[in-house]
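For reference, the structure discussed in these notes is given below.
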Amino acid sequence: MSLDDAAEELASSLGVDKTEVKADLEKLVSYSVPMDEAKQSLRRKYGDAGGGDGGEAPSRTDVADVTPESGNVTVTARVLTVGKRSIRYEGEDQVIFEGELADETGGISYTAWTDFSLSPGDTITAGNAGVREWDGEPELNLGQSTTVTLEEEPLSVPHEIGGERDLIDLEPGDRGRTLEVRVLEVEERIIDGRDGETEIKSGVVGDETTRLPFTDWDPHGAITEGASVRLENVYVDEFRGVPSVNVTEFSTVEPATEVRVSDSGTELSVREAVAAGGVYDAVLTGNVIEVRDGSGLIQRCPECGRVVQNDQCRSHGQVDPEDDMRIKAILDDGTDTVTVILGRELTEEIYGGTLEDALDHARDAMDRDVIAEEIAETLEGREFSVRGALSVDEYGANLDATAFEESDEDPKARAETFLTEAEP
Ligand SMILES: [Zn+2]
């Protein structure tokens with residue numbers, strides 16, 4: 001339903017001026033309040049004590065049959081997870097509860113705008129719950145006109161109850177997750193947050209399955225480098241194309257028995273990594289088909305680190321640039337290609353000399369391009385295994401390499417593996 005239609009419908013059912021209702025509705029929607037919740041809020045404002053859509057209470061719906069077009073529904077389902085977090089709404093912090101519910105037919109995410117004291121494992125009937133579309137999927141909204149009743153008979157559902165997960169299973173959008181991880185890297189930073197300058201912690205956590213970046217928005221003392229911790233009630237969003245763990249004031253952080261961390265990254269094909277939308281610690285193996293322009297000796301702005309040409313920085317104008325080395329190589333594993341970016345250290349290793357050696361070399365040859373040419377001769381047509389963070393943007397996939405080595409794998413065997421995987 002369009003905003004205009006919704007305003008029309010509200011105005012006629014409440015007997016008030018449409019322009020006024022529409023302005024209110026636009027304002028609420030601009031604050032990301034779901035349409036259904038916004039309409040209920042306006043019904044309260046304009047004094048329709050009855051609530052609902054004016055019709056009878058909806059009859060029970062199976063979770064699998066809930067669609068964004070369902071209107072209001074009544075479902076009986078098991079609470080799988082409960083996450084608590086605070087969002088800003090009309091300039092005020094509002095605490096919301098989010099997670100997943102399921103019945104025998106399927107699962108669905110929910111957002112509760114008031115505290116219904118939900119706990120994982122509860123079987124509830126949510127009466128008159130709104131449905132909105134979120135990321136292409138229906139989501140239940142439990143608001144002030146929703147009734148939540150606890151059922152005594154637990155519903156048996158084919159889903160895991162509780163939010164315990166391995167890092168590899170996390171996806172952006174996950175709420176109310178519980179993790180046992182080791183803090184691999186952590187730094188304290190001051191950011192310009194919604195309440196002015198705020199101290200946060202950020203870094204990398206790992207478990208047996210993989211590693212992921214994290215942010216602690218309410219710095220917890222137990223989060224220190226090397227510590228094994230149990231994190232309850234964290235949520236997952238996306239940062240630079242990979243899932244990122246968020247610890248908040250509502251999360252519980254407790255010491256855990258030592259968590260083993262995998263030393264190897266996640267091995268996958270370029271196509272799989274791109275389809276995943278980004279992988280924080282990926283290992284890809286393929287042929288370097290091209291060393292791109294902008295490789296070898298480069299110059300950076302001393303202020304912002306951007307690559308500059310002719311001493312001109314896009315942000316800082318005329319600068320006295322600093323020399324650096326890097327490689328941008330296109331890796332092809334037969335499923336897709338990715339641009340691998342190697343920093344100074346790995347580039348020096350591949351070149352077989354330091355930055356100073358390369359500068360001497362370029363001076364003698366009176367040509368800075370000789371370095372990139374030499375690197376291209378070393379890399380092109382050979383097979384490498386590369387590890388690092390893979391992100392995907394509108395220009396394609398990039399991998400920031402932390403390790404790069406010649407592959408000892410038999411290319412034929414690998415091609416066969418991919419062919420096998422490609423079969424349905
Ligand atoms: Zn600059």
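The table that follows gives values for the structure above.
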item	result
Unique residue being touching a Lys or Arg at 6+ places or on another chain (Cβ under 6 Å), part of a strand (DSSP E or B) and exposed (fewer than 15 other Cβ atoms within 10 Å of the Cβ) when the list is GLU208, GLU199, GLU180, GLU188	GLU188
Lone qualifier among ARG300, ARG292 - being within 16 Å of the ligand (Cβ to nearest atom), out of contact with any His (no Cβ under 6 Å at 6 or more places or on another chain), in the same structural domain as PHE404 (by TED's automatic domain parsing) and basic (Lys, Arg)	ARG300
Members of region 274-296 found to be outside any strand (DSSP E or B) and either surrounded by 18 or more Cβ atoms within 10 Å (Cβ to Cβ) or among the β-branched types (Val, Ile, Thr) (or both), listed by number	VAL274, SER295
Test for THR354: is it assigned by TED's automatic domain parsing to the domain that holds ASP400, touching a Lys or Arg at 6+ places or on another chain (Cβ under 7 Å) and away from the ligand (no atom under 16 Å from the Cβ)	no
Any pair with Cβ under 9 angstrom, 6 or more apart, that starts in region 313-337 at a residue that is farther than 21 Å from ASP357 by Cβ and ends at one that is more than 16 Å from the ligand (Cβ to nearest atom) and part of a loop (DSSP other than H, G, I, E, B)	ILE330/ARG292; ASP333/SER269; GLY334/SER269; THR335/SER269; ASP336/SER269
Test: SER251 is more than 16 Å from the ligand (Cβ to nearest atom), touching a His at 6+ places or on another chain (Cβ under 8 Å) and at pLDDT 95 or above	yes
Residue match in region 216-228 (condition: over 18 Å from the mean Cα position of the chain (by Cα) and assigned to a strand (DSSP E or B))	yes
Number of positions in region 303-349 that are of a type in the set (Ser, Thr, Tyr) and over 22 Å from GLY396 (Cβ atoms)	1
Failed item in (1) modelled with pLDDT under 90; (2) in a loop (DSSP other than H, G, I, E, B); (3) in contact with a Ser or Thr (Cβ under 6 Å, 6 or more places away or on another chain), with GLU171 passing the rest	(3)
Within region 150-177, considering residues that are in contact (Cβ under 8 Å) with a residue 40 or more places away in the chain and within 17 Å of VAL261 (Cα to Cα), the one farthest from the chain's Cα centre (by Cα)	ASP166
Filter result (near the ligand (Cβ under 9 Å from one of its atoms) and surrounded by 14 or more Cβ atoms within 10 Å (Cβ to Cβ)) within region 307-320	VAL308, CYS313, VAL319
Positions within region 243-260 being touching a Leu at 6+ places or on another chain (Cβ under 7 Å) and either in the same structural domain as ARG387 (by TED's automatic domain parsing) or of a type in the set (A, V, I, L, M) (or both), in sequence order	VAL245, VAL247, VAL253
Scope region 321-341; condition over 13 Å from ALA376 (Cα atoms) and away from the ligand (no atom under 16 Å from the Cβ); matching residues	MET325, ASP332, ASP333, GLY334, THR335, ASP336, THR337, VAL338, THR339, VAL340, ILE341
Residues of region 247-273 satisfying the condition of being under 21 Å from GLU187 (Cα atoms), within 19 Å of the chain's Cα centre (by Cα) and surrounded by fewer than 20 Cβ atoms within 10 Å (Cβ to Cβ)	THR248
Filter result for ARG260 (in a loop (DSSP other than H, G, I, E, B) and at negative phi)	yes
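The values are calculated or read from the model by the stated rules, or taken from the named source; none is laboratory data. Everything numeric here is computed off the predicted structure, so don't read it as measured data. Glycine also receives a Cβ, built like all others from the backbone with ideal geometry; neighbour counts cover every protein chain displayed.
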